[in-house]
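Okay, structure first, notes after.
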Amino acid sequence: MSNPHWLQPTRLEGETVSLLPLQPEHAEALLHAASDGKLWQLWYTSVPNQDNIDNYIAQALADQQAGLALPFVVVHNATKQIIGTTRFCHADSQQHRVEIGFTWYAKSFHKTKVNTECKYLLLRHAFEQLAAIAVELRTHWHNHTSRAAIARLGAKQDGVLRNHQKNNDGSYRDTVVFSIIDSEWLIVKKSLHFKLQQAYR
């Protein structure tokens with residue numbers, strides 16, 4: 001059984017973005033961010049739309065209450081706008097393992113330093129505050145952009161879960177699993193620092 005006290009709502013602040021605890025009142029701002037690129041049309045990922053945003057947030061908060069997740073909105077510091085969301089999920093408080101997932105950003109912020117800084121803030125919190133022994137990152141086999149981005153963070157591919165999930169249309173999702181373990185954090189941290197210094201925005 002998961003310990004609901006392991007993951008506590010917190011604010012993670014960076015130079016370009018800050019991660020704030022997700023709240024129901026963030027629904028409209030998240031829909032506005034998702035409309036930048038009509039992200040809900042991407043078939044290989046799950047981005048909320050007008051029809052399911054309330055359930056999307058409610059499920060995230062229910063998982064948080066159960067100690068399984070810690071959801072955030074991503075705020076662009078310069079404009080104070082919410083530009084996406086991310087969360088710790090599938091948390092195992094007994095083994096001190098957690099996954100970073102449900103991550104998406106407005107299209108305008110793709111290929112910027114936003115994702116690198118978000119992952120840095122989450123990984124730092126996981127390893128330095130939560131004492132995690134491993135952090136997983138998972139993505140759809142066909143989401144090649146996400147797979148490349150995860151690899152650039154310094155995560156290593158553990159394997160592929162074939163027929164991992166059944167989709168609404170009857171097809172199956174193959175999930176690629178990556179991870180960073182605690183003994184790798186210092187070198188990954190150093191690499192992320194360098195990448196953030198090189199990024200233009």
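Values quoted throughout were computed directly from the atomic coordinates according to the rules given, and no laboratory measurement underlies them. What you see is a predicted model; the values in this text were computed from it and never measured. Heads up, the Cβs are rebuilt from the backbone with ideal geometry, glycines too, and the neighbour counts pull from every protein chain shown.
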Using a/c under 1.5 as the rounded threshold, could you call region 78-182 rounded, prolate or oblate? The axes a ≥ b ≥ c are square roots of the C-alpha gyration tensor eigenvalues, and prolate needs a/b larger than b/c, oblate otherwise.
oblate
Rounded to the nearest 5, the percent of DSSP beta bridges in the chain running antiparallel is 90 percent
Could you give me the ³J(HN,Hα) list for region 70-82, computed from phi with Karplus coefficients 6.51, -1.76, 1.60 and θ = phi - 60°, whole Hz, x at Gly and Pro?
9, x, 10, 9, 9, 10, 6, 4, 5, 10, 6, 8, 6
Let me check I've understood the local charge: for Ser18, count other residues with C-beta under 13 angstrom from its C-beta, Lys and Arg +1, Asp and Glu -1. What total comes out?
-1
Stretch Glu128-Ala78 to full length: gain in nm at 0.36 nm per residue minus the Cα-Cα span?
15.3 nm
The size of the Cβ-based charge dipole (Lys, Arg +1; Asp, Glu -1) of the chain about the Cα centre, to the nearest 20 debye, is 720 debye
Take the Cα of His164, step 7 Å along the line toward its Cβ, and report every residue of region 89-127 whose backbone nitrogen sits under 15 Å from that point.
89-91, 98-103
Quick one: which residues, 5+ away or cross-chain, put their amide H under 5 Å from the amide H of Ser93? H built at 1.01 Å from N.
Asn3
Can you list residues whose amide H is under 5 Å from Gln81's amide H, if they're 5+ apart or on another chain and H is modeled 1.01 Å from N?
His76
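Give me the number: length gained by fully extending Ala66 to Asp54, i.e. 0.36 nm times residue separation minus the C-alpha to C-alpha distance, one decimal in nm. Could the numbers behind the result be given before it?
Working: separation 12, 0.36 × 12 = 4.32 nm, distance 1.84 nm.
Stretched out fully, the Ala66 to Asp54 stretch lengthens by 2.5 nm.
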Taking the alpha-carbon centre of each part, the distance from region 169-183 to region 62-90 in Å is 20 Å
Heads up, the chain by the C-alpha gyration tensor (a ≥ b ≥ c square roots of eigenvalues; a/c under 1.5 rounded, else a/b over b/c prolate, else oblate) looks rounded
